[in-house]
């Protein structure tokens, strides 16, 4: 008889874009989530335009969930320059918000490491911006690379855990953007993030941002990547079973 493999159940979603008129809509979809998942991951864009009032609505929807909730912010959550207030509302509701940071969550006495960052754009191999030319272009690319390098350090810090999860808003690969207009790929993700994941090591990666993209792909190093934008998975969340290292 084959020996069973222990798994951690990761519920994930992104781009729910709640507004002031969304009270109660998300909470009812989360009812009973603890029976299906061990951790809830939010891959950014919990608000429509990044207003603190919208974040308060989302926070109320997830407050008191019986499983750990870990999130990163998305570009919409930055739009109104209230990202600190957005973060504050989420944290007061018990959500762990990561930005070039990491956390270890204990599930049945097993250590699940999660590294998180919003990420940034820049494009992908053979179709990307470069650190050359005008100051604005150099600043754009350097910002994207700096985020990726810090994210890589956080993933490396999780070595020794039973599973390592990469949580992003922007995509690390072009494959999960299939369905979006190729002209905007450079604004949907960056291969710097893929390099970080492959260099540091991860067991699975999640992102959002690409509403018309594809659900799954792999990095050059073979790490499975899931686009969990609400419009892609077409549900309040999707559960992924990740085998744990022995």
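Tabulated results
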{"item": "Stokes-Einstein translational diffusion, the range 105-191 - Kirkwood Rh over all Cα pairs, 1.306 mPa s, 10 °C, in µm²/s", "result": "112"}
{"item": "Value of relative contact order over the chain, rounded to a whole percent, pairs C-alpha under 8 Å and six or more apart", "result": "22"}
{"item": "Listed peptides 88-100, 38-50, 18-30 by packing density, highest first (mean Cβ within 10 Å)", "result": "38-50, 88-100, 18-30"}
{"item": "Helix-only CD estimate at 222 nm, as mean residue ellipticity for the chain, using -39500 (n - 2.57) per DSSP H run (n ≥ 4)", "result": "-8000 deg cm²/dmol"}
{"item": "Whole-Å semi-axes of the chain's equivalent ellipsoid (Cα gyration tensor)", "result": "26, 23, 16"}
{"item": "Rounded Å value of the spacing that divides the Cα centres of the range 5-83 and the range 176-190", "result": "24"}
{"item": "Stokes-Einstein D in µm²/s, Kirkwood radius over Cα pairs - the range 1-132 at 37 °C with 0.692 mPa s viscosity", "result": "205"}
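Taken together, the values in this text are just the output of simple stated rules run on the coordinates, not laboratory data. Remember, it's a predicted structure, so these values are computed and weren't measured experimentally. Because the Cβ atoms are built from the backbone with ideal geometry, glycine has one as well, and the counts that use them run over all protein chains shown.
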